[in-house]
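Structure, as structure tokens:
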Amino acid sequence: MTIPFFGESIFVPSDVIAAWILSILLGAILFIYVMKKRKWPIIWEYMRTTNHRKIGTMYILFGVIFFIRAGTDALLIRLQLAQPHAEFWVFQQDKYNELFTTHGTMMIFFVAMPLLIGLMNAAVPLQIGARDLAFPFLNAVSFWLFLGGAVLFNMSFFFNSAPNAGWTGYAPLSTDTFTPDVGNDYYIFSLQLSGLGTIFTAINMIVTIIRHRAPGMKLTRMPLFPWATLITSFLILIAFSVLSMGLYLLMFDRMFGTGFFSDDTGSPVYWQHLFWIFGHPEVYILALPAFGIFSDVIAAFSKKRIFGYPAMVLSIALIGFLGFMVWAHHMFTVGLGPMANTFFAVTTMLIAVPTGIKVFNWLFTMRGGVVKITTPMLFALGFIPTFVMGGVTGVMLSVAAANFQYHDTHFVVAHFHYTIIGSTILGIFAGLYFWYPKITGKVLDEKLGKWHFWLFIIGFHLTFLPMHITGLQGMPRRVYTYEWGDELFALNLTSTIGAFLMGSSMLFVVWNLYKTHKYGEKAGNDPWDGRTLEWTVPSPSPEHSFEPMPIVKEMDPFWYAKIAGEKLRTTNNARPAPISTKTIVPLCIAVSLSIMSIGMIYTWYLLAVLGGASAFLLFIVRSLTDERKEYYRKEEHSNE
Amino acid sequence: MKKHFTLTLLLVLGLLQGCNVAVLDPMSETAKEQTFLINFSFSLMMIVLIIVFLLMARFVWKYRETDKNKHVIPKDVKGNRKLEIAWTILPVLLLVVLAIPTIAITYDQSASSPAATEKQAGEIHIDVKAQQFFWTFTYENGKESSKELVLPKGKPIIFHLKSKDVIHSFWIPSLGGKTDVLPGKELVYEIDNPKIGTYDGKCAEFCGVNHTKMRFKTKVVSVEAYHKWLKK
């Protein structure tokens, strides 16, 4: 459609127009709802909060919203691939390229990451007996930076300039010579912004877990989700810094004429190295927290402590460590030579060993227990076979010479969806059903939860199992159509049907949310007969938790106290809690940096300078405020 | 879960029969070695898969919550050193078995830069130039073709790959794995002993708007027919 714009007429594709109309309609409905129900105070409250549960809730809320958006992208992809020579809507050629780029980027950075970080925020402090994250202000900054990045990324689509070089942004395709449009600048700046937030979260989590555990909660007694969070945070610290550097160099290549990734002064392969030195640890950044969630869920619903706890912790650490030594297995076909190919093939195979240890330990946790099949447990049980299938194709992919065949085909697409959906997404669902009472105070409906699980898992296998075969039949990744003669029709149609089954399972989530909040009863402290400290505090967790502070004498302290029929011993002599404040500064920092990014993207440098200056001013303001002052004064008074 | 697995297997077998899977039906020596690795690693991994599936099915079924054991507090088991050592050592052994042929074939087949290879008699050298969104094949006598690549049967074919713009990837599934085609750096990849037939070739690395359309036909013909075609 052509639209007149300041005297010029510009072409706007119909999908963009549809998105504008839909967003305006939804926005209007939301606005009316908020007005009618007088929800402004709550929104204002959340905009200024620094409380870990509330920030976690916002991470999860927006993670789910972006999940729906990126999931819609997936369904559009599947519609275009449903049959040979399909001409679905506008999604051919560049539109299709934008579609899979957005799908991948959003799912990784704006869905999986915030949902995991949201769960970490909501659960980890409660599991280790911390009253909040170590740096509540920084936590709010992290969240708003993530949201700023995500909104920026979504804006690109509404202005019909979505990034189109794949979520991996391979140079030189992603440089200004081949994609001069602003799309890939949006990619750079939105990932830069949200990546910064992620790095802050990692620092926050590390300090919280090291410094703010309950008395007696030694590292060797800590539940596995906090353990996974700790190790993941170290991975984030290194991996996201590398991503940040890579994006920085790419920005210079695109905007200021440098040639880091060009073939004469630099090399396009450098980008691949940087990207995968980030990208492969990123896979474990997504998987390890999920492993942690499953460990806690499986132990709770088997009524047994986790089998082989030391091995579980060690294997998380080992996976994290090895995760940094395998990046070039994404690059077997770029001609690094036989030596590099073999080295990375072998290190990749090695990762299977600690992963295998974990799988067997989960299985043996159930052995001899009483396995209660609740919705979170169901997701954990679905995870084991699904993830192992993804794991074995991972080992097959590590066989470098065979990888020449698999590489860049739908076999790989199948593999990484088996691992990422199999671990991360199922883990997120398990965690959400499990900790939902701690976040909102209500237990989600079990029956609808089970419907969600079965539709999702059946749809999932139906979608991705056939892709192993289409890949081996010769279907490359990132193609928008295929020929009748390729004999790919039946399998692709199966995938499309499966995808819609998965999509429909999300309707049960919506229904479940509605039903739970309309009719659900308030949950007690301990709805699942849990083992760890989070089940000792009220649901939803209050802003001042653990008063008085419990003393931990063993692993799973709450469980053993319940068995002994005792209450956990408590003390009033605990480390002072981090001080929460209400402040709008974090939001303003993120808005300033977003404005700066927009200025950079469109090379409106005045706007960029304004945004940057405003952010800098806010840093100064922040440096001069100390919310602890008041408390110091009180302490001094009481000492006198 | 057991049912789940059987269904999966049936689905795979059923689907495999219905279609022709290029990679599993190798038409050259190079592809044959790769297919061997695929089948070999697949069989080894099926062992792992079956063990996990069986254990899981058994544990979930046997220890599920029933009215009888509802209020039982199960005995705590911290771990079991022997078992844990077993499932550390056995996978390592399995991987060693897999690593040996992997290393051997990978060393033999990895694409290399041109300096490492010497020209030998009997080899067919073909320059492959990729650009958005087509291929140009230049043969030893200077002849060029674009939509189709013609190869003589039974010879070692050495491809010299180079890109004019972005990164592409050269792939003929029936004849062997892919090799990236980079700007500014030539890569050399060998396909040995192809059989007569017509095969699809495509670009496998996403390269822009018409990546999907960057396909070509590969015709493997007899040596005489090849020379005749070259002179045409």
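Reported count of residues in region A:363-381, each being more than 9 Å from chain B (Cβ to nearest Cβ) and either outside any helix (DSSP H, G or I) or within 26 Å of B:LEU44 (Cα to Cα) (or both), is 2.
For region A:482-496, name all the residues that are surrounded by fewer than 20 Cβ atoms within 10 Å (Cβ to Cβ), within 7 Å of chain B (Cβ to nearest Cβ) and touching a residue at least 12 places away in the same chain (Cβ under 8 Å). The one that is surrounded by fewer than 20 Cβ atoms within 10 Å (Cβ to Cβ), within 7 Å of chain B (Cβ to nearest Cβ) and touching a residue at least 12 places away in the same chain (Cβ under 8 Å): A:GLU487.
Out of curiosity, is B:ASP165 surrounded by fewer than 21 Cβ atoms within 10 Å (Cβ to Cβ) and touching a Cys at 6+ places or on another chain (Cβ under 9 Å)? Yes, satisfied.
The single condition from (1) without any contact (Cβ under 8 Å) to a residue 40 or more places away in the chain; (2) more than 8 Å from chain A (Cβ to nearest Cβ) that B:MET45 fails is (2).
Picking from residues in region B:144-174 that are among the hydroxyl-bearing types (Ser, Thr, Tyr) and under 18 Å from B:LYS129 (Cβ atoms), the one that is nearest to the other protein chains (Cβ to nearest Cβ) is B:SER169.
Looking at region B:54-77, which of its residues are among the hydrophobic types (A, V, I, L, M, F, W, C) and either within 10 Å of A:LYS303 (Cβ to Cβ) or more than 7 Å from chain A (Cβ to nearest Cβ) (or both)? Selection gives B:LEU54, B:ALA57, B:TRP61, B:VAL72, B:ILE73.
For (1) under 30 Å from A:ASP526 (Cα atoms); (2) under 26 Å from the mean Cα position of the chain (by Cα); (3) at the interface with chain B (Cβ under 8 Å from one of its Cβ atoms), each residue gets a yes or a no:
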| residue | (1), (2), (3) |
| --- | --- |
| A:PHE301 | yes, yes, no |
| A:GLY308 | yes, no, yes |
| A:LEU314 | yes, yes, no |
| A:ILE319 | no, yes, no |
| A:VAL326 | no, yes, no |
| A:PRO354 | no, yes, no |
| A:ILE357 | no, yes, yes |
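At least 2 residues being over 25 Å from the mean Cα position of the chain (by Cα) is the threshold, and among the helices (runs of 4 or more DSSP H) wholly inside region A:426-544 those reaching it are A:446-472, A:489-519.
Scanning region B:175-207 for residues that are at positive phi, facing chain A (nearest Cβ under 9 Å) and surrounded by fewer than 24 Cβ atoms within 10 Å (Cβ to Cβ) returns a single hit, B:GLY184. Of the helices (runs of 4 or more DSSP H) entirely within region A:1-86, those holding at least 3 residues that are surrounded by 11 or more Cβ atoms within 10 Å (Cβ to Cβ) and over 27 Å from the mean Cα position of the chain (by Cα) occupy A:14-36. Do we find that A:VAL479 is of a type in the set (Val, Ile, Thr), out of contact with any His (no Cβ under 6 Å at 6 or more places or on another chain) and in contact (Cβ under 8 Å) with a residue 40 or more places away in the chain in this structure? Criteria not met by A:VAL479.
On inspection, A:ILE589 qualifies as modelled with pLDDT of 85 or more, crowded, with 18+ Cβ neighbours inside 10 Å and touching a Lys or Arg at 6+ places or on another chain (Cβ under 9 Å).
For the condition at pLDDT below 95 and more than 28 Å from A:ALA430 (Cβ to Cβ), A:PHE252 does not qualify.
Taken over region B:99-113, the residue count meeting the criterion of being of a type in the set (A, V, I, L, M), at the interface with chain A (Cβ under 7 Å from one of its Cβ atoms) and in a helix (DSSP H, G or I) is 3. Determine whether region A:107-121 contains at least one residue that is at pLDDT 95 or above and surrounded by fewer than 20 Cβ atoms within 10 Å (Cβ to Cβ). There is no residue in region A:107-121 that is at pLDDT 95 or above and surrounded by fewer than 20 Cβ atoms within 10 Å (Cβ to Cβ).
Yes/no matrix, rows are residues, columns are (1) closer than 19 Å to B:PHE42 by Cα; (2) at the interface with another protein chain (Cβ under 7 Å from one of its Cβ atoms); (3) in a helix (DSSP H, G or I):
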{"position": "A:LEU336", "(1), (2), (3)": "no, no, no"}
{"position": "A:VAL346", "(1), (2), (3)": "yes, yes, yes"}
{"position": "A:PHE360", "(1), (2), (3)": "no, yes, yes"}
{"position": "A:ALA414", "(1), (2), (3)": "yes, no, yes"}
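Would you tally the residues in region B:25-42 being in a helix (DSSP H, G or I), under 25 Å from B:ASP200 (Cβ atoms) and touching a residue at least 12 places away in the same chain (Cβ under 8 Å)? Residues in region B:25-42 being in a helix (DSSP H, G or I), under 25 Å from B:ASP200 (Cβ atoms) and touching a residue at least 12 places away in the same chain (Cβ under 8 Å): 11 in total.
On inspection, A:PHE91 passes the criterion of being assigned to a loop (DSSP other than H, G, I, E, B) and surrounded by 15 or more Cβ atoms within 10 Å (Cβ to Cβ). Evaluating A:THR333 against the criteria (1) surrounded by fewer than 24 Cβ atoms within 10 Å (Cβ to Cβ); (2) in contact (Cβ under 8 Å) with a residue 40 or more places away in the chain; (3) of a type in the set (Val, Ile, Thr) leaves one unmet condition, (1). Selection of region A:545-584 for residues being touching a residue at least 24 places away in the same chain (Cβ under 8 Å), surrounded by fewer than 18 Cβ atoms within 10 Å (Cβ to Cβ) and not in a loop (DSSP other than H, G, I, E, B) yields only A:THR571.
Okay, residues lined up against (1) of a type in the set (Val, Ile, Thr); (2) at pLDDT below 95; (3) part of a helix (DSSP H, G or I):
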{"position": "B:LEU9", "(1), (2), (3)": "no, yes, yes"}
{"position": "B:ASN20", "(1), (2), (3)": "no, yes, no"}
{"position": "B:VAL60", "(1), (2), (3)": "yes, no, yes"}
{"position": "B:LEU93", "(1), (2), (3)": "no, no, yes"}
{"position": "B:VAL97", "(1), (2), (3)": "yes, no, yes"}
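So in region A:170-181, with the set limited to residues that are crowded, with 21+ Cβ neighbours inside 10 Å and in contact with a helix residue (DSSP H, G or I) (Cβ under 6 Å, 6 or more places away or on another chain), which one is nearest to the other protein chains (Cβ to nearest Cβ)? Among those residues, the one meeting the criterion is A:PRO172.
Checking A:PHE189, A:PHE200 one by one, the residue that is touching a helix residue (DSSP H, G or I) at 6+ places or on another chain (Cβ under 6 Å) and farther than 30 Å from A:PHE91 by Cα is A:PHE200 and no other. Residues of region A:384-411 that are more than 10 Å from chain B (Cβ to nearest Cβ) and within 17 Å of A:GLY474 (Cβ to Cβ): A:HIS410 alone. Filter region A:437-481 down to residues that are out of contact with any helix residue (DSSP H, G or I) (no Cβ under 7 Å at 6 or more places or on another chain), under 30 Å from A:PRO538 (Cα atoms) and surrounded by fewer than 24 Cβ atoms within 10 Å (Cβ to Cβ) and give me whichever is nearest to the other protein chains (Cβ to nearest Cβ). By that ranking, first place goes to A:LYS447.
The values are calculated or read from the model by the stated rules, or taken from the named source; none is laboratory data. As the structure is a prediction and not an experimental result, all values here were calculated from the model. Reconstructed Cβ throughout: ideal geometry from the backbone, glycine too, with neighbour counts over all protein chains shown.
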